[in-house]
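Working notes, structure below.
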Amino acid sequence: MDEKIVKLREMVRDSDNIVFFGGAGVSTESGIPDFRGVDGLYKQKWKYPPETIVSHSFFEKNPEEYFRFHREKLVIDGVKPNTAHLKLAELERQGKLKAIVTQNIDGLHQSAGSKTVFELHGSIMRAYCSKCRKVYDADVVNHGKNVPHCTCGGIIRPDIVLYEEALDDDVVSSAIRYIRNADMLIIGGTSLNVYPAAGLINYYRGDRLVLINRSETPADRYADLVIHAKIGEVFSQI
């Protein structure tokens, strides 16, 4: 067995307060494209740059185009949790993993059975009125036609954090608290280039910092263990 996998196993065995911080790479093995990968959404041609389409100002000015993009590119039906999601849920049931802090909006961690999940960028599995805040079934946004409107006249939107919008203070505070108190922090499937989310890992104070990603990240040099591989393949061995 690879020496790094052996070390990872030992670190997990000796820890009982693990926090996992993950990004798009966690869900690519479920068939959800990585936004910034070689074939990611940000590399695909569109009428407008994807970064522009998923911004607050664009949503306000051109909701028709936003929802066309949302339903075609952000909503992927039939996806299921992969090995990484399932292993994390298993570690939580064992009492080792205390929380998941994710940048993903796909809801796959919850589908796998994880309970304590902090979604920094929200979730496409929820929707609400942008005017009166009334809660709606996400299907209205994800699979409806045209721009969905509330009974008050406001636009129903997905409960995700668009560019130019702030992260939820309560979610961030909770994520920081768990990361700060963790005896082991596993970072997986993220390039750590999206801020302010990526900055939350700086609150970790332990000596079991693990980085699992297919490519190098800015935090590699600070980690106690770095594994450049698909996270699902790595988690299948622990």
### Message
Step by step: first the residues of the stretch 179-193, then only those that are part of a loop (DSSP other than H, G, I, E, B) and under 11 Å from the mean Cα position of the chain (by Cα), then the one that is surrounded by the most Cβ atoms within 10 Å (Cβ to Cβ). Which residue is that?
### Response
Thr190
### Query
Residues of the stretch 206-225 being open to solvent by 30 Å² or more (accessible area, probe 1.4 Å), touching a residue at least 60 places away in the same chain (Cβ under 8 Å) and farther than 12 Å from Met184 by Cβ, which ones?
Arg214
### Task
Scan the stretch 77-97 and give yes if some residue there is β-branched (Val, Ile, Thr) and touching a strand residue (DSSP E or B) at 6+ places or on another chain (Cβ under 9 Å), otherwise no.
no
### Query
Which of the residues that make up the stretch 118-153 are open to solvent by 80 Å² or more (accessible area, probe 1.4 Å) and either touching a helix residue (DSSP H, G or I) at 6+ places or on another chain (Cβ under 8 Å) or closer than 30 Å to Phe20 by Cβ (or both)?
Met125, Arg126, Val135, Asp137, Asp139, His143, Asn146
## Note on the structure
Counting only helices (runs of 4 or more DSSP H) wholly inside the stretch 75-164, the ones holding at least 3 residues that are closer than 26 Å to Glu51 by Cβ and over 13 Å from the mean Cα position of the chain (by Cα) are 139-142
### Summary
Those residues of the stretch 193-211 which are over 18 Å from Asp169 (Cβ atoms) and in contact with a Phe, Trp or Tyr (Cβ under 8 Å, 6 or more places away or on another chain) amount to Ile201, Leu209
### Query
Restricting attention to the stretch 47-58, does a residue exist that is within 20 Å of the chain's Cα centre (by Cα), within 20 Å of Leu209 (Cα to Cα) and modelled with pLDDT under 95?
no
### Query
Of the numbered conditions (1) out of contact with any Gly (no Cβ under 6 Å at 6 or more places or on another chain); (2) surrounded by 21 or more Cβ atoms within 10 Å (Cβ to Cβ); (3) more than 22 Å from Met125 (Cα to Cα), Pro196 satisfies every one except a single condition; which is it?
(2)
### Task
Of the numbered conditions (1) surrounded by fewer than 23 Cβ atoms within 10 Å (Cβ to Cβ); (2) free of Cβ contacts under 8 Å to residues at least 40 places away in the same chain, Lys98 fails exactly one; give the number of that condition.
(2)
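The values are calculated or read from the model by the stated rules, or taken from the named source; none is laboratory data. Keep in mind the model is a prediction, meaning the values are calculated, not measured. Neighbour counts run over all protein chains shown; Cβ positions are idealised from the backbone, glycine included. Calculation scope for accessible area: heavy atoms of the full protein, side chains included, ligands and nucleic acids excluded. Shrake-Rupley method; radii C 1.70, N 1.55, O 1.52, S 1.80 Å.
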